[in-house]
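Read the structure below first, then the notes.
The values are calculated or read from the model by the stated rules, or taken from the named source; none is laboratory data. This structure is a prediction, so every number in the text was calculated from the model and none was measured. Please note: Cβ atoms are built from the backbone with ideal geometry, for glycine as well, and neighbour counts cover all protein chains shown.
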Amino acid sequence: MNNKQTPWDYRYAQRTQRMKGSAIRELLKITEQPDIISFGGGLPAPDLFPLEEFKRACIYVLDHEGEKALQYGSTEGYKPLREMISRHTNRLGINVNVDNILITSGSQQALDLLGKIFINRGDRILVESPTYLGALQAWNAYGAEYVTVPMDEHGMITEYLEEALRTGPKFIYALPNFQNPTGSTLGLERRKQLVALAEQYGVPIIEDDPYGQLRYEGEDLPGINLLDSQTRVKNGSYTGNVIYLSTFSKILAPGIRLAWVIAPDTVIRKMTLAKQGTDLHTSTFNQIIAHEVSQHGFLDRHVKVIQETYRIRRDVMLESLEEHMPDGVSWTHPEGGLFLWATLPEQLNTTELMPDAIREKVAYVSGEAFHPNGGGTNTMRLNFSCMKPDKINEGIQRLGRVFKTKLME
Ligand SMILES: Cc1ncc(COP(=O)(O)O)c(C=O)c1O
């Protein structure tokens with residue numbers, strides 16, 4: 001045994017063989033260098049974090065509910081927070097109560113718990129291609145295989161859905177609003193087709209919606225869970241075909257690791273058991289603080305500030321792309337969210353181009369990793385929420401130079 005080896009080396013479970021480091025997390029390390037303009041991460045703008053409100057809430061909560069806030073709590077989550085989410089969901093027209101709601105330590109944990117309770121080795125999961133990398137990371141560990149449905153500007157192309165459903169997937173994973181990574185939004189007709197085909201084939205849907213409240217133009221579209229619940233008889237508690245995920249990460253702050261799941265109460269009970277084995281419960285302190293910060297309409301007002309800021313940043317990125325990209329490069333026009341998706345001429349490989357980009361002090365995420373069954377080598381995800389406008393313009397100019405140089409070789 002050399003001194004790098006340990007007795008653990010040959011004892012890892014089989015499931016670790018499919019665990020790969022996230023390209024994005026690796027990239028974040030490089031882009032911590034201050035002179036790099038990074039469009040790589042999916043970070044909310046730190047300049048918008050409501051520091052004063054958090055400070056006030058911390059003092060108030062410690063003064064008034066300190067003992068409760070620092071104690072163990074229930075696995076399902078802090079009841080007033082679940083009641084708040086239940087009221088918000090009812091306002092959207094979906095009939096739920098607190099038994100339909102589980103608080104998780106980020107939606108990422110919800111994805112993992114769903115893998116834990118639903119995925120057997122070799123199960124097929126129907127995903128959009130490209131799709132959210134974090135879901136693939138969570139589910140790879142449980143031995144998931146993927147059947148993919150391609151995307152365009154209007155989300156999952158539902159004409160291909162039926163063929164994919166015939167392969168017998170365990171569930172569908174859909175990101176209807178301002179999808180990570182493409183920024184595309186699923187159109188209304190396609191939403192209806194998705195709900196109808198899922199019902200016809202008896203395949204349930206996981207709707208992952210971290211960005212739904214961050215719309216910068218156009219009309220809100222009904223969620224998959226709303227469309228699904230409209231097809232069912234209301235009996236006081238949600239019994240639909242959809243497990244819905246959303247999070248405080250993009251509307252408040254990701255560092256508090258707070259998110260929620262809405263599902264039939266039987267699913268919530270199973271997830272609760274799974275969560276007990278994972279972390280007992282989500283931080284009581286963070287839940288009570290988030291609840292306190294959200295009082296008196298603050299959250300609604302804060303979301304408006306975020307929308308306004310990100311809309312400007314998105315527009316700057318779209319204008320800069322128009323100005324600096326060479327012919328043959330195209331990109332999506334997201335109506336909300338944090339990302340847009342660029343497609344380069346076929347001969348360019350965005351993974352191979354990354355060192356050139358880093359030399360120019362600019363970074364992005366190559367699109368390949370978001371395609372579970374391969375493809376997308378000439379695509380990339382660009383984040384517009386985290387940089388101030390002048391940096392966005394400068395960064396896109398640098399990227400344009402990298403691509404132009406490559407195309408001239
Ligand atoms: C589609 C999607 N799902 C889940 C997550 C995880 O969010 P959270 O911070 O709540 O864990 C993200 C984060 O970027 C995301 O984009």
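Would you check which residues across the range 89-137 are assigned to a loop (DSSP other than H, G, I, E, B) and touching a residue at least 60 places away in the same chain (Cβ under 8 Å) and list them?
Our first condition is that a residue be assigned to a loop (DSSP other than H, G, I, E, B); within the range 89-137, this holds for 92-97, 105-106, 119-123, 130-132.
Answer for the range 89-137, where residues must be assigned to a loop (DSSP other than H, G, I, E, B) and touching a residue at least 60 places away in the same chain (Cβ under 8 Å): L92, G93, I94, N95, V96, N97, S105, G106, P130, T131, Y132.
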For the range 269-292, name all the residues that are under 27 Å from P204 (Cα atoms) and either crowded, with 20+ Cβ neighbours inside 10 Å or among the acidic types (D, E) (or both). M271, K275, D279, H281, T282
Filter result for N97 (surrounded by 14 or more Cβ atoms within 10 Å (Cβ to Cβ), modelled with pLDDT under 95 and out of contact with any strand residue (DSSP E or B) (no Cβ under 6 Å at 6 or more places or on another chain)): yes
If you take the residues in the range 379-402 that are part of a strand (DSSP E or B) and not hydrophobic (A, V, I, L, M, F, W, C), which one is nearest to P150 (Cα to Cα)? T379
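Conditions (1) touching a Ser or Thr at 6+ places or on another chain (Cβ under 9 Å); (2) without any contact (Cβ under 8 Å) to a residue 12 or more places away in the chain; (3) β-branched (V, I, T); (4) over 26 Å from P334 (Cα atoms), marked per residue:
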| position | (1), (2), (3), (4) |
| --- | --- |
| V195 | yes, no, yes, no |
| Y201 | no, no, no, yes |
| I205 | no, no, yes, no |
| D208 | yes, no, no, no |
| L227 | no, no, no, no |
| V267 | no, no, yes, yes |
It is to be established whether one or more residues within the range 138-149 are under 19 Å from V261 (Cβ atoms), in contact (Cβ under 8 Å) with a residue 24 or more places away in the chain, within 12 Å of the ligand (Cβ to nearest atom) and crowded, with 17+ Cβ neighbours inside 10 Å. yes
Name the residue that is nearest to the ligand (Cβ to nearest atom), counting only residues in the range 86-106 that are closer than 17 Å to T272 by Cα and not β-branched (V, I, T). G106
Matching residues in the range 191-210 - criterion: being out of contact with any strand residue (DSSP E or B) (no Cβ under 6 Å at 6 or more places or on another chain) and either of a type outside the set (V, I, T) or within 11 Å of the ligand (Cβ to nearest atom) (or both): R191, K192, Q193, L194, A196, L197, E199, Q200, Y201, G202
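A quick yes/no check of all residues on (1) over 14 Å from R398 (Cβ atoms); (2) without any contact (Cβ under 8 Å) to a residue 40 or more places away in the chain:
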| site | (1), (2) |
| --- | --- |
| D315 | yes, yes |
| L318 | yes, yes |
| E322 | yes, yes |
| L353 | no, no |
| P372 | yes, no |
| N378 | yes, yes |
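Quick test for you: out of T182, T239, T167, pick the one residue that is in a loop (DSSP other than H, G, I, E, B), within 19 Å of the chain's Cα centre (by Cα) and of a type in the set (S, T, N, Q).
Values: T239 fails: within 19 Å of the chain's Cα centre (by Cα); T167 fails: within 19 Å of the chain's Cα centre (by Cα).
Within the list T182, T239, T167, the selection yields T182.
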Might you let me know whether the range 233-245 holds any residue that is closer than 14 Å to N95 by Cβ and within 16 Å of the ligand (Cβ to nearest atom)? yes
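Filter the range 321-369 down to the residues that are of a type in the set (F, W, Y) and either part of a loop (DSSP other than H, G, I, E, B) or more than 22 Å from E32 (Cα to Cα) (or both), then identify the one that is farthest from the ligand (Cβ to nearest atom). If you could, list the steps in order and put the result at the bottom.
In the first step, residues of the range 321-369 are kept if they are of a type in the set (F, W, Y); the result is 331, 339, 341, 364.
Those left that are additionally either part of a loop (DSSP other than H, G, I, E, B) or more than 22 Å from E32 (Cα to Cα) (or both): 331, 341, 364.
Numbers: W331: 19, W341: 13, Y364: 16 Å.
Restricting to residues being of a type in the set (F, W, Y) and either part of a loop (DSSP other than H, G, I, E, B) or more than 22 Å from E32 (Cα to Cα) (or both), the top hit is W331.
For Y72, indicate whether it is of a type outside the set (V, I, T) and either in a strand (DSSP E or B) or surrounded by 23 or more Cβ atoms within 10 Å (Cβ to Cβ) (or both). Outline the logic, then answer.
Numbers: of a type outside the set (V, I, T): yes; either in a strand (DSSP E or B) or surrounded by 23 or more Cβ atoms within 10 Å (Cβ to Cβ) (or both): no.
No.
Does D265 satisfy the criteria of being surrounded by fewer than 21 Cβ atoms within 10 Å (Cβ to Cβ) and more than 21 Å from the chain's Cα centre (by Cα)?
The answer is yes for D265.
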Report yes if L175 is within 13 Å of the ligand (Cβ to nearest atom) and either within 26 Å of S249 (Cα to Cα) or of a type in the set (A, V, I, L, M) (or both), otherwise no. yes
Single match in L221, L252 (criterion: in a loop (DSSP other than H, G, I, E, B), away from the ligand (no atom under 11 Å from the Cβ), touching a Pro at 6+ places or on another chain (Cβ under 8 Å) and among the hydrophobic types (A, V, I, L, M, F, W, C)): L221
Residues (surrounded by fewer than 20 Cβ atoms within 10 Å (Cβ to Cβ) and in a loop (DSSP other than H, G, I, E, B)) located in the range 185-203: G187, G202, V203
